[in-house]
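Enquirer: What follows is a single structure, and I will ask about it in a moment.
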Amino acid sequence: MERIPEDVVRIALDKAEGFPFERFAMSFYSSLIGADFVPLGGIKDGGADARDGAIFEEKGRPETYYQASVEIDAESKIRRTMARLREFGRDPKVLFYLTSKTIKYSDRVERELTAELDVTVYIRDGGYIVAHVNDDVAGRAAFDEHLRSYTDFLKRIGSSRLIEASKHVKNPAAFVFLSQELERRSGNEKLVDSVVDALALWALEGTDPDAGILYHSEKVEQVIAQSLPSVTALVKPRLRRRLEVMSDKKFHGGRAVNWHRKDDVFCLPFETRQRIEEENTADETLRLEVISSFEDRLRKEGIKGLGKVRGRQAVEVALRTLQLSFERNGLEFAAFLHANDNSDYGTITDCLAVALKEYGLTGRDSVNVGDGAFALLRGVLYNSSEVERRYLQRLSRTYALLFTLNTEPKLVDFFQEMTGEFHLYVGSDQIVRALSEHYLDEPDRMTANTLLMAGKLGAKLILTDPVLEEVVHHLRVCDFEYRNHIADIDEYMNYEVARNAPHIMLRCYLYARINQDLGWRRPQSWPAFVKQFCTYADLHKPAAFDDIRRYLQAKFSLAFESVEDLESLVDLGEVEALAVQLEEAKRDPRLARNDALLALAVYGHRAAKKETSSVSEFGYATWWLTSETAILKYTRGIVREHRARYVMRPDFLLNFLTLAPSAADARQTFKSVFPSLLGIKLARRMKLETFNQIMDSVAEAVNLDEARRSAEIAKSLDKLKSDFARQYTALGESGKIQGVDFAAENQAMLNGQA
């Protein structure tokens, strides 16, 4: 096993969280000194080490103790640890304290604490770990198992021959979500439909036809978006259809929604509204009963220093800790609660530390409130009352609802990290489509925003010489069409004439010309429109290629590769043979050769970068980003030969990157939903059958070893990237934006017809 570079170790220590660092430290140090450590007790037991992190004693030396922590204030931590050990009747003589932080003048701190606490204190800080982690194989193995995932974001500071599971493989979220996506791929929208139904019924709770309160579907969408803005992308295209389905008397369980067709508005049936009123009363009662139960627990614990104010803070911190547990480890935490597991759930202490920090509690207040909150959490997780169990079950179901709608911070991080690995040859259809969005409002520039976001996340986007040639050719064809057929009627243009113009960039110009709302942005003439991309006078000259290349590279952060660069990756005989086949579908032999070269260059680059012989849960990195479909039937043999596809659907990036909520939005949704009554109410709308289905998927993920899980994630991703049969609904059921059928537009242009 190769040495781990010191920079990599320092970065991992800086980012490590409490529970993983504790496991690493005990594994690393026990092998280094040749000792066996025995834990004093766990969270469930409420032992000396439970609240402030794990404390171990050395087997055969009951007066020697070990503790590991990521806490910044080492001296305070050591003092608290000693106080707790003595509080539980221990008589420590030696304490070894391992920390991920670097402690200045650690030898002086050791001497001072030894004198103050009457115990021999040894500090092993981050600098010590960096110096000794490579001393033996066991130390390096401990790092790889517990801390390596914190350096996933690094490209190459160092490497190991061992292929370690990343955080996305260790956590079941990506595996479960991709399993759901493959279900949808086969047309099974049952799970998502169930969740959308739940949100729609919740949003309609305020309706009452007797009072004249009925909602259009847009109003239902607005109510959902106000409380859960991060789910809009998945809910919006499905909502109308689901409202109509639920209004049918044949709907499972009977008509759930009344649809007043004359005014096209919706409301809940009387019986449902009556039941919901009773349910809402019960939900509010449950929330109050949980708070009351927490307060009763605190009184019974009799923790010193907790008056009414600090007691209420302990309750709030405990509730926030539960919410953070869903945010940080949602599926695992929900599965832990669902299984009624009696084992230690160690990461709860990490979440408690974050919650205390959020509330700005320090010093003695932090200790008192933290003790109170921890006592509550221990009781709730391992000896819960019936009320508390119902509350936790509700939160688990609400989490499952948000997870299904891709509102899970870990999933957002997963897809963003995946994008950073991509090497994408951008198709001419995507370039032209991005240019045609020039006059749309910025949030509506779907293709342009996808390219920009992918570039910002680290994807390498490639503009190739053949694609540049096709983009320039498209603008020249538009120019000929304008001068020969449009120029004389330009000032009389209307929408009906504009929509029948034969080329996409020409239509872009004509739509903008007749759109008075654009104000000063309205193009004054065709040459003025073209000038936004290149000098109009040079459009039909060789200078146009460099002009447009520089613009595209600057606009979308594209790298450039020449024909020679591409040809160095391929067998030219195979290119020519494929080009001949493609001429059947292409009007122009040049377009046929361009497509053949790009398709085979994908495989060539994968081989050159050893993607076909390496392992990554993100699957293949190199793809041709295009909506091209005509080529697919001619390349089936090549796909079989390479055992992998080469075209990435732009919709894949659009759905999972551009339209996905940001990690900040996802976390804000969690923060606003879980502690509130909304979190309890949403759970009631989530069918138990749907929740159990997700928990079964978690169990399946956990039962697979990490190597198998990594392979399954990669296989699922590569299927989704290249699957043209998958119907994404992010753009709407028709696949159109503002009346433009982009599927037809793209294919026409790629075939040399637009």
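Enquirer: Consider TYR495 against the criteria (1) under 26 Å from THR419 (Cβ atoms); (2) open to solvent by 50 Å² or more (accessible area, probe 1.4 Å); (3) of a type in the set (Ser, Thr, Tyr): it satisfies all of them except one. Which criterion is unmet?
Expert: So the condition that TYR495 fails would be (1).
Enquirer: Run down ALA501, ALA537 and say which single residue is among the aliphatic types (A, V, I, L, M), part of a helix (DSSP H, G or I) and over 36 Å from the mean Cα position of the chain (by Cα).
Expert: The conditions single out ALA537.
Enquirer: Within the range 345-352, does at least one residue satisfy the condition of being assigned to a helix (DSSP H, G or I) and at pLDDT 80 or above?
Expert: Checked against the condition, which is being assigned to a helix (DSSP H, G or I) and at pLDDT 80 or above, the range 345-352 yields at least one hit.
Enquirer: Taking ASN171, is it within 23 Å of PHE24 (Cα to Cα), open to solvent by 10 Å² or more (accessible area, probe 1.4 Å) and modelled with pLDDT under 80?
Expert: Against the criterion (within 23 Å of PHE24 (Cα to Cα), open to solvent by 10 Å² or more (accessible area, probe 1.4 Å) and modelled with pLDDT under 80), ASN171 qualifies.
Enquirer: Under 9 Å between Cβ atoms, which residue pairs at least 6 apart in sequence (or on different chains) link something in the range 467-487 that is more than 24 Å from THR626 (Cβ to Cβ) and in contact (Cβ under 8 Å) with a residue 40 or more places away in the chain with a partner that is open to solvent by 40 Å² or more (accessible area, probe 1.4 Å) and among the aliphatic types (A, V, I, L, M)?
Expert: Note: pairs meeting the criteria are ILE486/VAL497.
Enquirer: Condition first: under 13 Å from ILE276 (Cα atoms), surrounded by 17 or more Cβ atoms within 10 Å (Cβ to Cβ) and either free of Cβ contacts under 8 Å to residues at least 60 places away in the same chain or of a type in the set (D, E, K, R) (or both). Now tell me which residues in the range 191-222 satisfy that.
Expert: ALA203, GLU205
Enquirer: Pick from ALA165, ALA211, ALA256: which is modelled with pLDDT of 75 or more, in contact with a helix residue (DSSP H, G or I) (Cβ under 6 Å, 6 or more places away or on another chain) and small (Gly, Ala, Ser)?
Expert: ALA256
Enquirer: Counting only residues that are farther than 18 Å from LYS308 by Cβ and surrounded by 15 or more Cβ atoms within 10 Å (Cβ to Cβ), how many does the range 368-386 have?
Expert: 9
Enquirer: Okay, moving on. Considering every residue within the range 391-400, establish whether at least one is modelled with pLDDT of 80 or more and β-branched (Val, Ile, Thr).
Expert: No; the residues of the range 391-400 include none that is modelled with pLDDT of 80 or more and β-branched (Val, Ile, Thr).
Enquirer: Let me ask another. Only one of (1) touching a residue at least 12 places away in the same chain (Cβ under 8 Å); (2) open to solvent by 10 Å² or more (accessible area, probe 1.4 Å) fails for ALA454. Which number is that?
Expert: For ALA454, the failing item is (2).
Enquirer: Now for a different question. For the range 540-560, name all the residues that are in a loop (DSSP other than H, G, I, E, B) and surrounded by fewer than 15 Cβ atoms within 10 Å (Cβ to Cβ).
Expert: Residues satisfying the conditions are HIS540, LYS541, PRO542.
Enquirer: Please enumerate the residues belonging to the range 512-531 that are exposed (fewer than 13 other Cβ atoms within 10 Å of the Cβ) and in contact (Cβ under 8 Å) with a residue 24 or more places away in the chain.
Expert: ARG521
Per-residue answers, yes or no, for (1) surrounded by fewer than 20 Cβ atoms within 10 Å (Cβ to Cβ); (2) modelled with pLDDT of 80 or more; (3) among the aliphatic types (A, V, I, L, M):
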position: GLU278; (1), (2), (3): yes, no, no
position: ILE291; (1), (2), (3): yes, yes, yes
position: GLU301; (1), (2), (3): yes, yes, no
position: GLY305; (1), (2), (3): yes, no, no
position: VAL309; (1), (2), (3): yes, yes, yes
position: ALA318; (1), (2), (3): no, yes, yes
position: LEU322; (1), (2), (3): no, yes, yes
position: ARG328; (1), (2), (3): yes, no, no
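Enquirer: Taking the residues in the range 72-96 that are charged (D, E, K, R) and either closer than 14 Å to THR120 by Cα or open to solvent by less than 60 Å² (accessible area, probe 1.4 Å) (or both) as candidates, determine which candidate is nearest to the chain's Cα centre (by Cα).
Expert: The selected residue is LYS77.
Enquirer: Please go through the range 601-618 and pick out each residue that is assigned to a helix (DSSP H, G or I), touching a Leu at 6+ places or on another chain (Cβ under 7 Å) and surrounded by 15 or more Cβ atoms within 10 Å (Cβ to Cβ).
Expert: Within the range 601-618, ALA601, GLY604, HIS605 qualify.
The values are calculated or read from the model by the stated rules, or taken from the named source; none is laboratory data. Small disclaimer: the values here were computed from a predicted structure and weren't measured. Reconstructed Cβ throughout: ideal geometry from the backbone, glycine too, with neighbour counts over all protein chains shown. Protein only, heavy atoms only, side chains kept; ligands, DNA and RNA dropped before computing areas. Shrake-Rupley method; radii C 1.70, N 1.55, O 1.52, S 1.80 Å.
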